[in-house]
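In what follows, a single structure is set out as structure tokens and then discussed.
The values are calculated or read from the model by the stated rules, or taken from the named source; none is laboratory data. Every value quoted in this text rests on a predicted model; they were computed, and no experiment measured them. Note that we place each Cβ from the backbone using ideal geometry, even for glycine, and neighbour counts take in every protein chain shown.
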Amino acid sequence: MTFSYTQIAHYLRCPRSYRHRYLDGWREKETRAAMIFGRCFEKALESYFCGDDCGAALYREWRAFRDTPFAYKKGETWDRLVHQGVHLLECFAQDNRIRIPHPQQNLQIKVVRELPNANQFIAYVDAVGELDGLHCLMDWKTTTSRYSEEPARLLSLDPQLICYSWMTGIPEVALVVFLRKHQPEIQYLRTSISEEQRAKYGRLVGATIGQIEAARFPTHSGIRFPQNGCVSCAHLGLCLDDQKLIDSSLTLTPGASDLAWLDELVD
Ligand code: SF4
């Protein structure tokens, strides 16, 4: 079976949700404009590094969703998102802090690792290049909230960056956060992942796959007032046996377990 960061993270968040999503095939209906816009923005970044017109690329990608009935957040519109995106691309070009040599090979890099029992782990790393002259792997995020920078080295605990460091063996990692705000802003956050962290993540992957292969899927929502994980879980309707909630947020996909790793492409 092929595993990815997204699957492991999903299991660790709530094993029952993993079963709903990856074994039974209950997928969340994609109605979030911000998520789709983030994918379009990453395509525009690829164009930027390839020396093409990235603003035009963003418009072209996003135009395909002009009439999609997204659930826009308050104050968000199709036009507003593209405007913010173009502004962010301009800021990014002005900052000029990132170099990606040979962009065809160093963007959206597919990394595959063989695991015991004929399993595989697959990752798509956004970029490998230089931030302020330092060689590192990079992950792009588009969001409306700033990433916390305090306390120092908080980013070194980011499980996705640890996973990508484990997959590539690259210790230096960076998160480039594109903030869609009234005044667009870009955070360039860098940290190091130790050999010990990579080894521990490898053991966590092994243990988690062991649980999945043993078909252990207990509910583990982490319910604790006021942070109730079930409230933001797409599978809440299934756990509550609430058909109205299921119909509004989920769709059933046959053969979900075979294609589960594809989630990695959008995370
Ligand atoms: S609703 Fe809660 S218990 Fe059910 S799958 Fe989601 S997080 Fe787990």
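Any residue at all in the range 217-225 that is loosely packed, with under 11 Cβ neighbours inside 10 Å and not in a loop (DSSP other than H, G, I, E, B)?
The answer is no; no qualifying residue exists.
Taking Ser156 and the conditions (1) polar (S, T, N, Q); (2) within 22 Å of Ala123 (Cβ to Cβ); (3) assigned to a strand (DSSP E or B), which numbered condition does it fall short on, given that it satisfies the others?
Only one criterion in (1) polar (S, T, N, Q); (2) within 22 Å of Ala123 (Cβ to Cβ); (3) assigned to a strand (DSSP E or B) is unmet by Ser156, namely (3).
Quick one: how many residues across the range 1-34 are farther than 30 Å from Gln211 by Cα and either touching a Cys at 6+ places or on another chain (Cβ under 6 Å) or surrounded by fewer than 19 Cβ atoms within 10 Å (Cβ to Cβ) (or both)?
3
Pick from the range 1-59 the residues that are within 12 Å of the ligand (Cβ to nearest atom) and in a loop (DSSP other than H, G, I, E, B): which of them is farthest from Ser232 (Cα to Cα)?
Looking at the filtered set, the residue picked out is Asp24.
Test Leu189 against the stated conditions and say whether it is within 16 Å of the ligand (Cβ to nearest atom), over 18 Å from Thr6 (Cα atoms) and either in contact with a helix residue (DSSP H, G or I) (Cβ under 7 Å, 6 or more places away or on another chain) or in a strand (DSSP E or B) (or both).
On the way: within 16 Å of the ligand (Cβ to nearest atom): no; over 18 Å from Thr6 (Cα atoms): yes; either in contact with a helix residue (DSSP H, G or I) (Cβ under 7 Å, 6 or more places away or on another chain) or in a strand (DSSP E or B) (or both): yes.
Spelling it out, it is not the case that Leu189 is within 16 Å of the ligand (Cβ to nearest atom), over 18 Å from Thr6 (Cα atoms) and either in contact with a helix residue (DSSP H, G or I) (Cβ under 7 Å, 6 or more places away or on another chain) or in a strand (DSSP E or B) (or both).
Looking at the range 148-186 only, could you name the residues that are among the charged types (D, E, K, R) and surrounded by fewer than 22 Cβ atoms within 10 Å (Cβ to Cβ)?
Glu149, Glu150, Arg153, Asp158, Glu172, Lys181, Glu185
Cβ-Cβ below 6 Å, separation at least six or inter-chain, first residue in the range 227-250 and under 17 Å from Lys29 (Cβ atoms), second more than 8 Å from the ligand (Cβ to nearest atom) and among the small types (Gly, Ala, Ser): which pairs?
So the pair list comes out as Ala234/Ser249; Leu245/Gly237; Ile246/Gly237.
Could we say that Thr68 is out of contact with any His (no Cβ under 8 Å at 6 or more places or on another chain) and in a loop (DSSP other than H, G, I, E, B) here? Write out each step before concluding.
Details: out of contact with any His (no Cβ under 8 Å at 6 or more places or on another chain): yes; in a loop (DSSP other than H, G, I, E, B): yes.
Considered against the rule, which asks whether it is out of contact with any His (no Cβ under 8 Å at 6 or more places or on another chain) and in a loop (DSSP other than H, G, I, E, B), Thr68 comes out as yes.
Go through (1) part of a loop (DSSP other than H, G, I, E, B); (2) modelled with pLDDT of 95 or more; (3) among the aromatic types (Phe, Trp, Tyr) and name the single condition Tyr147 misses.
Checking Tyr147 against (1) part of a loop (DSSP other than H, G, I, E, B); (2) modelled with pLDDT of 95 or more; (3) among the aromatic types (Phe, Trp, Tyr), the one that fails is (2).
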